[in-house]
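Below you'll find the structure, written out as structure tokens, and then a few comments.
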Amino acid sequence: MQLALQIITLIGSVAMLMYGLKVMSESLQKMAGSRLSNVLGTMTTNRFTGVLTGAFITAAVQSSTATSVMTVSFVSAGILSLTQAISVIMGAHIGTTFTAWIMVLGGGSYDLRLVIYTMIVLAVALIYTKKNATLGDLFIGLSLLLLGLTTLKINATEMHLDQMEPVRNFFVTTSSWGYGSYFLYLLIGTVLTFSVQSSAAIMAITMTLCSSHVLPMDMGIALILGENLGTTITANVAALSASTMARRAALAHFVSNLFGVIWVLCLLRPFVELICRIWGVDFTPGVPGDISPDKSNAILATFHTGFNVTNTFLLIGFIPWIEKLVTALLPSNPEQKDKESQLKFISGGLMSTSELSILQAWKEVHVFAVRTQRMVGMIHDLYHEEDGVQFTKIFSRIEKYEGICDRMEYEIAQYLNHVADGRLSEQSKREVHKMLRIVSELESVGDANYNLARYIRHKHEDRIRYTDYQNKNVEKMMSLTAEAEEKMVLALEQVKISDEEFIEMTDKENEINNFRDELKLQNMQHITDKEYDYSVGVSYMDIILELEKLGDYIINVEEAVYEHKHDK
């Protein structure tokens, strides 16, 4: 019974550690907000700044996955090159080692329970008073992480793993095969990390086993190498259904870590001996050392940091070669080219935390709006085109864009529904609802443009000729809707509208409505006065009325953005 309780406690403490890290990462990402994207987009001018950027962002948000998903989306959008993306991902390897040093603090000989419970009380006060609730989430996540580590340490001590004969026999036997043991523990670390989807959890278990004098230090380091490899396999599996660029970035992640594992295995014993000397510890291969938990954990964390830093600086000069390798291994698929051109920021297939995913979705919504704006320009060209062949080409492009808009609405909405399944604040839930409304209205903008193209094609095929006065009015209405569309795209790029801007947009919508009403009355009068045929008047008003509908959809988008701004 006692053993069963200890095993359950062991599993529970690891689960608490993993959940605490997740909560802490989410809260840090909420606090950082769009600044993460700004840093990523502006601080990757070369390979060295890319590495520093990746390390900084990963250390700041405690999630290499968050860094990877942003990097992949920026590559898909053309903001970063694959070379820059590889450098950022290498930097993320360095940034993620910061987590190990947090574990050194929580898994050593220090009793942090007083600090942990104090943080929990403070966190609950912040959350329930709704003042700095995100900071409260950060304290909750950090306290759960440290509590999980502390519980894991205490439980391992009470279990006396070093005195359990089956456990000792297993580790003694599997540690006596020389380099074969290293390959075994490398494989175990890879499989465990891939299975639990958390390198931090396996790192914590490795620290516990080494500090309990059960697992030899060099075998623990082999486990850490497996953790580094396992987390890259997770990324590659997640990217299987993603774009070619996303899969290339994930493969570059794997290739760089695989290279590191190979050279470290060749020099493992000298490397471990060097780190042990730094901490004043004698090293004997394959034998658990009588080392204090503080030094044991520090040696593992030092190796983790030293390995990733050294490997990054060994490979930084070969990034272009890595890019060529992954490009050759994953060539572009012509059949996927059109699909890849649709989604830019959320096509990576690597879901980060829900809060960060909302930021990515806003960028994708802006791309959607830019596509509908291009359709407005095509409509203008189609209206004035006289050549039959060129007319057909423009119409086909509009038809293609309408299909793309339909697919984008579906894929963005599907993505947002997946995000909504995550752990969201009430404000974030409202934000998702607003985005769903916006993508629906943007799809209607695409439909309105396609309807306009059909009316213009009908006019072209039936050889209907408008008067100069009618052409002038259509041109003016197109100009008004184009101005409104331009303001809508700008609002979605900034994800905000000022009071003055919204009043200006509302005035533009009223101007469009009033002009439509005026033209309807004039049209009936001109038909009555025989200035043109009834069929010409019907065709003319079809275009005018559809342009007015287009204005309605645009103002609906602007209203949703304005409401979102005032929800904050």
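Give the relative contact order (percent, whole number) for the chain; include only Cα pairs under 8 Å separated by 6+ residues. Intermediate results must be reported in sequence, preceding the final value.
Values: 771 pairs, mean separation 81.3, N = 568.
With pairs under 8 Å counted, the relative contact order is 14 percent.
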To the nearest 10 degrees, the tilt of helix 244-266 (Cα long axis) against the first principal axis of the alpha carbons of the chain is 10 degrees
What the 5 Å binned alpha carbon P(r) of region 354-567 shows, as percent of pairs per bin from 0, is 1, 7, 15, 17, 17, 14, 11, 8, 5, 3, 2, 1, 0, 0
For region 164-223, how big is Rg over Rh, using alpha carbon atoms and the Kirkwood form of Rh? 0.96
When you count, for each residue, the other Cβ atoms within 10 Å and take the mean per peptide, how do 413-420, 219-226 rank with the highest first? 219-226, 413-420
Rough spin-label spacing in nm, given labels placed 7 Å along Cα→Cβ, for H433 and H458: 3.8 nm
Using alpha-carbon coordinates alone, the radius of gyration and Dmax of region 523-568 in Å work out to 17.7, 56
Degrees between helix 2-32 axis and first principal axis of the chain (Cα, 0 to 90, nearest 10): 40 degrees
Rounded to the nearest 0.05, what FRET efficiency do N46 and L329 give with R0 = 35 Å and r taken as the Cβ-Cβ distance? Could you check? 0.90
Computed FRET value (nearest 0.05) for K400 with L5, which takes r as the C-beta separation and R₀ as 45 Å: 0.10
Counting other beta carbons within 10 Å of each residue's own, what order do C276, C210 fall into, fewest first? C276, C210
So, by mean Cβ neighbours within 10 angstrom, what's the order for 362-375, 508-521, 301-314 with the highest one leading? 362-375, 301-314, 508-521
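If the chain between L187 and V237 were fully stretched, how many nm would it gain, using 0.36 nm times the residue separation less the Cα-Cα distance?
On the way: separation 50, 0.36 × 50 = 18.00 nm, distance 1.73 nm.
Length gained between L187 and V237: 16.3 nm.
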With the contact rule set at Cα under 8 Å and sequence spacing of 6 or more, what percent relative contact order holds for region 354-567? 31 percent
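Set the Förster radius R0 to 45 Å, insert the Cβ-Cβ distance between D529 and E493 as r into 1/(1 + (r/R0)^6), and round the FRET efficiency to 0.05.
Working: r = 47 Å, r/R0 = 1.04.
The computed FRET efficiency comes out at 0.45.
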Let me spell out the model: positive unit charges on the Cβ of Lys and Arg, negative unit charges on the Cβ of Asp and Glu, origin at the Cα centre of the chain. What dipole size does that give, in debye rounded to 20? 2000 debye
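Given that compact globular proteins tend to follow 2.2 N^0.38 Å, what is the ratio of the alpha-carbon Rg of the chain to that value? Could you put the intermediate results ahead of the total?
Values: Rg = 30.1 Å, N = 568, 2.2 N^0.38 = 24.5 Å.
Expressed relative to 2.2 N^0.38 Å, the Cα Rg reads 1.23.
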Figure the gain on full extension for T506 and D421 (residue separation times 0.36 nm, minus the Cα-Cα span) and round it to one decimal in nm. 27.1 nm
Can you check what the Kirkwood hydrodynamic radius comes to for region 446-497, Cα pairs only, in Å to one decimal? 13.0 Å
Contour minus end-to-end for Q522 and V115, with contour as 0.36 nm per residue of separation and end-to-end as the Cα-Cα distance? 138.7 nm
Calculated over region 482-568: convex hull of Cα atoms, volume per residue (Å³): 76 Å³
Tell me the angle of helix 468-494 to the major Cα principal axis of the chain, expressed in degrees between 0 and 90 and rounded to the nearest ten. 20 degrees
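Using 32 Å as the Cα-Cα cut-off, could you pick out the over-long pairs in K324/K363; K400/K434; K400/K476; K363/K472; K434/K549?
Details: K324/K363 29 Å; K400/K434 27 Å; K400/K476 26 Å; K363/K472 36 Å; K434/K549 20 Å.
K363/K472, as the Cα separations exceed 32 Å there.
No lab work stands behind these numbers, since they all come straight from the coordinates. From a predicted model like this one, the values you see are computed outputs, not experimental measurements. Positions of Cβ are backbone-derived with ideal geometry, glycine not excepted, and every protein chain shown enters the neighbour counts.
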